[in-house]
Structures are given as C-alpha cells and as structure tokens.
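Asker: Mind having a look at this structure? Questions to follow.
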Amino acid sequence: MTGTAVAVLCALAAAALIAVGSVAQQSSAAAVPDTDSLVGSLLRSPRWWAGILGDGGSYVLQVIALVFGSVLLVQPLLVASLLFALPLAAATTGRRVTRTTWLLAGALCAALAIFLLVGNPSEGTGDAAAVRWALPLGAVLAVTAAAVVVALLSPRLRALSFGIAAGILYGVTSAFTKHVTDLAEGGIGPLLTSWQTWTLVAAGAAAIYLQQRAFQAGSLTASLPALTVGEPLAAIVLGMTVLGEHLRTDGPGRILVGAAVVVMLVTTVALSRAQAADTPAETAATPDPAPPPETPRRR
C-alpha cells in the first residue's frame, strides 16, 4: 500500500471518528436542560466521554495521515465528517435528512475543499512576536465575542452562533499549535513559560465549552457546519496576518477562492436556518390545550 493510500484511508477514518464523536457529544449536550449545569452533566455522561475519545482517536489518525500525505490531501478529506455525521445523527434521532440538507452539506464540503486546494495556503513561521499577534488576535476574539452575544440574545441563532464562536477558537488553537509543538521539543521549561502555550490552552478550553453549548442549542445540522467552516477560516486569517502565510493563487484562482468562501458562508447559514425553521413547525403541530370550561354564573 502506497503512502498516499495510507494517508487517504487514515484521513477518511479520522473524518468518520469526528462524525461519531460529534453525534455522541451533541446528543449528550442536547439532553441537558437549560436549568442544569451543562459541564457537570456532561462530565457524568458516559456517552459524552465516548465522543471525546472519538475526537482523540481522530486526532491520532490525522497525525498519521499527515506523516504520509500533505495537508492539502488530508484536510479536504476531513471535511467529509459533515457528510458522515448527517446520517448518523438521523439514525439516532429518527429524523430524516432531507434532500435540501444533503445538497447544502455537499455544496459546503465541496466549497471548503476548493478553498483549500485552489488557495493552497503556504506554511509560515510559528514564532511571531507578541506585538504582531495583538491586533489580528484581538479582532478575531472580538468576532468570537460578538457571536457569543448573538447566541445569548437570539435562541433561533444560538446553535449557529455558538458554533461560529467555537470554530473560530479552534482556528486560534490551530494557529498556535506549530509553535507550541516546537517549544515542547526544547523541554518542559520553555513550554510552561511561553504565553503562546497558555493562550492555546485557554482558547482550546473555551472552544470545547462553546462547542457543547452549540450542541445543546440545536441539531448537528445547525452547529457542525459553522464549526467546520470557522476553524480553517480563522486559522488562515491569523496565518496570513501574523505568520506570513499567503494563498498561492492569482487571477481566476482568486475569484474561485472568493466564490468558495461565499458558498461556505451561504450554505452554513442556510443549513442553520433550515433547522431553526423546523422548530416552530413542530411546536405549531401540537394542538393547544383546550381552555377550562367556564364556571356558570349565578343569576
């Protein structure tokens, strides 16, 4: 078996584990009432821990895939996790995946793959000075905060907005990962005294929490597309503004990349709106309880 074949198989297996982990975590989070402690309830859920283990196994497979193949081969295949997650979620909830949902999810995956393959982002340097991080990282965190505010104020957009916020923070962790990995090779001292390490830890912890809030607020259709899109977009924004990365394309390629970004945003919102639109319909289908009979008035 060639190295490319190993990379493809490992990437597809990783995508499948991402789907399994996401479905398990979403079903666990969705079962937690708003009045209960989300974190405490999830920590007591064996199914949620199984989902976390699935994510861990996926990460190991991604590392193996990247040993045998390039990022441009592996990353687009990981996007298939959304297509794996849809039938899994439908099987566990008993809700049918509509043709429109399949078309939107397929368009989203294709657009993200085109963005990565055509844009072909170059690798930059992981060791950027703190002053170079300040403005871009502050802007990214401001967008994250705005998404959280929207989620808290709008129940209909809660799953989408929390998903966007979590995806952006996962992108922040991706931007810091290379430098923190390099620090680990120098020993525990440099690793523990680096501000990048603690920024990565804080962003990762916040991303996991917001991801669970997104899963609690709605189905995977409403939250996972935003997570899928937010991570690479945020990582590339930071990579281009801080780490010296750039998209290696011009002319028609840039137009295609721009169109892919538009398709990603439109399909993500459309998937979430389609899910949100189902909720009122289901509520409306339930007849209102009959009013109590009037007490006869005494003449």
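Asker: Calculate, for residue 39 and residue 250, the FRET efficiency according to 1/(1 + (r/R0)^6) with r their C-beta to C-beta distance and R0 45 Å; round to the nearest 0.05.
Answerer: Taking R0 as 45 Å, the efficiency between residue 39 and residue 250 is 0.45.
Asker: State whether the stretch 196-235 is rounded, prolate or oblate according to the following rule on the C-alpha gyration tensor (a ≥ b ≥ c being the square roots of its eigenvalues): a/c under 1.5 gives rounded; otherwise a/b larger than b/c gives prolate, and the remaining case gives oblate.
Answerer: It comes out oblate by the Cα gyration axes.
Asker: Could I ask something else about it? Express in nm, to one decimal, how much length is gained between residue 265 and residue 205 on full extension, taking 0.36 nm for each residue of separation and deducting their alpha carbon distance.
Answerer: Computed gain between residue 265 and residue 205 is 19.1 nm.
Asker: Give me the percent of the accessible area of the stretch 1-106 that comes from carbon and sulfur atoms, probe 1.4 Å, all protein chains in place.
Answerer: 70 percent
Asker: For residue 9 and residue 149, FRET efficiency with R0 = 45 Å and r from the beta-carbon atoms, rounded to 0.05?
Answerer: According to the calculation, E is roughly 0.60.
Asker: Here is a further query. For a Förster distance of 25 Å, can you work out the FRET efficiency between the beta-carbons of residue 135 and residue 198, rounded to the nearest 0.05?
Answerer: Plugging the Cβ-Cβ distance into 1/(1 + (r/R0)^6) gives 0.80.
Asker: A further question follows. Name the shape class, rounded, prolate or oblate, that the alpha-carbon gyration tensor gives for the stretch 89-222, where a ≥ b ≥ c are the square roots of its eigenvalues, rounded holds for a/c under 1.5, and otherwise prolate holds if a/b is larger than b/c and oblate otherwise.
Answerer: Prolate is the answer for the stretch 89-222, as a/c is 1.5 or above and a/b outweighs b/c.
Asker: Only Cα pairs under 8 Å and at least 6 apart count here; give the relative contact order of the stretch 171-250 as a rounded whole percent.
Answerer: Across the stretch 171-250, relative contact order equals 42 percent.
The values are calculated or read from the model by the stated rules, or taken from the named source; none is laboratory data. All of these numbers come straight from a predicted model, not from anything done at the bench. A quick note on method: Cβ atoms are made from the backbone with ideal geometry, for glycine too, and the neighbour counts reach across all protein chains shown. Accessible surface is based on the protein model in full, side chains and every heavy atom, while ligands, DNA and RNA are left aside. Shrake-Rupley method; radii C 1.70, N 1.55, O 1.52, S 1.80 Å.
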